[in-house]
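The values are calculated or read from the model by the stated rules, or taken from the named source; none is laboratory data. Not measured: the values here are computed from a predicted model. Please note: Cβ atoms are built from the backbone with ideal geometry, for glycine as well, and neighbour counts cover all protein chains shown. Ligands, DNA and RNA are stripped out before the accessible areas are found, and what is left, the full protein with its side chains, is counted by its heavy atoms. Shrake-Rupley method; radii C 1.70, N 1.55, O 1.52, S 1.80 Å.
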Amino acid sequence: SIRARTRDLSRALDAQRRRIKSRFLLHGLGWIVAAITLVGLGAFALDYSLRVPAIVRIVLSLGTLVYLVVALRRRVLYPLRKAIGADDVALAVEQRFPELRQELITAFQLGRDLSASGATALRGQSAAMVERVVENAAAQARDLPFDRILSLRRTLRIWVAASAAVVLALAVVLPRLDAFGVFLWRT
C-alpha cells in the first residue's frame, strides 16, 4: 500500500537525518577541540615568551572566550538546532545519487500528501501512477548505500588536525608544566 511504502521512505529519510545531525555534531566538536587547543597554545606561548601587562592579558582572554563561545554556537549548537526536514534529506540523497532523477522527493511528497489527505490530494493525478512512483522509489531506496551519502573525509581531516594540535600542545606544555600552571592561574 502507498501508506506503508511512504512510511518506509519516511523511516529511511529519518535515519539519514539522524546520521547527518550526528555528523554535524562530530565535525563541530572536532573543530572546537582544534580551536581551543591552538588558541590556548598560542596564548600560552605569548605569555611564556613576553611579559604581557595584565590589561592586555585580560583583553586577550576575553577575546578568546568570546571567539570560542561564538565558534561553539556556530559549529555545534546551530547545526544541531537547525531543522532538517525529510524533503531536505531526500534532495540531499538525490544530489548524491543522480540516477534517482528526482523520483525520491516526488514519491515522498506524493505519498505524504496522499496519506495525509486521502484521494482529495491527487488533484487530477492517477492513483495508480502515484502508487507506482512510490513503489519504485521505495524499491530504489532499499538498495541505496546510504553510508556513501556523507563523506567522512572532511570530518576526519578536522579530527586529524585536532589530534595534531593536542599532540603539539602536550609537547610544548609538558616540559614547561610549572610555567603552564602559572599561565592558567593568571588566565
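Worth pointing out:
- Look at (1) at pLDDT below 80; (2) under 24 Å from the mean Cα position of the chain (by Cα); (3) exposed (fewer than 14 other Cβ atoms within 10 Å of the Cβ) and you find that ALA116 fails only one, number (2).
- Checking ALA83 against (1) more than 30 Å from ALA141 (Cβ to Cβ); (2) among the hydrophobic types (A, V, I, L, M, F, W, C); (3) without any contact (Cβ under 8 Å) to a residue 40 or more places away in the chain, the condition it does not meet: (1)
- Residues within the stretch 124-151 that are within 18 Å of SER22 (Cβ to Cβ) and either among the aromatic types (Phe, Trp, Tyr) or surrounded by 13 or more Cβ atoms within 10 Å (Cβ to Cβ) (or both), tallied: 3
- Boolean, SER151 is modelled with pLDDT under 85 and assigned to a helix (DSSP H, G or I): no
- Matching entry among GLY42, GLY28, GLY63 (being in a helix (DSSP H, G or I), in contact with a Lys or Arg (Cβ under 8 Å, 6 or more places away or on another chain) and open to solvent by less than 80 Å² (accessible area, probe 1.4 Å)): GLY28
- Test: residue in the stretch 28-41 that is in contact (Cβ under 8 Å) with a residue 60 or more places away in the chain, within 25 Å of VAL173 (Cβ to Cβ) and touching an Asp or Glu at 6+ places or on another chain (Cβ under 8 Å): no
- Residues (within 15 Å of the chain's Cα centre (by Cα) and open to solvent by 20 Å² or more (accessible area, probe 1.4 Å)) located in the stretch 80-108: LEU80, ARG81, LYS82, ALA83, ILE84, GLY85, ASP88, ALA92
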